[in-house]
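Reviewing the structure listed below.
The numbers here are math on the coordinates, done by the rules we state, and not lab data. Bear in mind the structure is a predicted one, so any value in this text is a computation, not a measurement. Using ideal geometry, Cβ is built from the backbone for each residue, glycine included, and neighbour counts are taken over all protein chains shown.
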């Protein structure tokens, strides 16, 4: 293969895999249905130490990394990458050596490229563990269900803008024992944050420094009201509809109970309750022949048919267990 053809193939591969633009491709092969790419880093300059930031170019050694990448043409992609390990020349730094990282291709302690990591994390967020693992196996990017859940847990929470209308209410971590607070954007219905308790100080600390909240929709508890008045005095406090109806129903019930004696008695007397005859039992009709031995019942049935009576207790029990008498013997 000539240099022009090699260059065109390399350009085509980098157009399909743009995150490989920072490395030198040495070999591309297909083995057992897996696309294997052999590459090495092209940088020979100084790199910053991740511990202290001091730049160094003094080489300590080199080692190979195996990275799984997103599938191409229905084939799994494995990148064998040769990277450098450099000395840290800062005597005050705790690190003696550090490994070279390629932006967009490698991350510390990771065996997958950031592209594949984001793809699997997105599948796990939508489908969770086992269904996500089944879909990933078809891409193909096979992982276990526990790996899928771990990638979901490693995904950072998205940054939520400060809502204009904030809703706050309590929820139970453990009912009747431990409660927290959930914050929701009332305009979009999206959850904003979770607080570890439902105390006024915790909610006030969350509100401090967040500008743009125009209204706070809350229940009628005093903790949320005092926190909103102290940390967001310009926000309008609104009692949410469910708690308004709940408080109204409780108040009406208490008022009716307090004036129960003012109600007129009914015109017709209520029917007297039936005498208590003990716990009720299911009424079952006795089946025909109940209380008689099976052999006697079958002998009675056999006498009305053309079948001769059984000549042993075992035969009588076997015949009695049949849904219908056996056919007559010829």
### Rounded, prolate or oblate (a/c below 1.5 giving rounded, otherwise prolate when a/b exceeds b/c) for the stretch 164-256 by Cα gyration tensor
prolate
#### Entry: Euclidean distance between Cα centres, the stretch 130-189 to the stretch 55-78, Å
31
### Query
Listing 125, 37 from the residue with the fewest other Cβ atoms within 10 Å to the one with the most, what is the order?
125, 37
### Task
Kindly provide log₁₀ I(q)/I(0) values, in the same order as q = 0.28 Å⁻¹, from the Debye equation applied to equal alpha-carbon scatterers of the stretch 28-85.
-1.11
### Task
State, to one decimal in nm, how far the label point of residue 262 lies from the label point of residue 109, with both points 7 Å from Cα in the Cβ direction.
7.1
### Summary
Expected unfolding gain across residue 72-residue 30 under the 0.36 nm per residue rule, minus the alpha-carbon gap, is 14.0 nm
### Message
Once you order the gyration tensor axes a ≥ b ≥ c over the Cα atoms, which shape class does the stretch 90-181 get: rounded for a/c under 1.5, otherwise prolate or oblate by comparing a/b with b/c?
### Response
oblate
### Gyration tensor (alpha-carbon) shape descriptor, the stretch 1-102, a/c threshold 1.5
prolate
### Antiparallel bridge percentage (DSSP; both residues within the stretch 130-217; nearest 5)
80
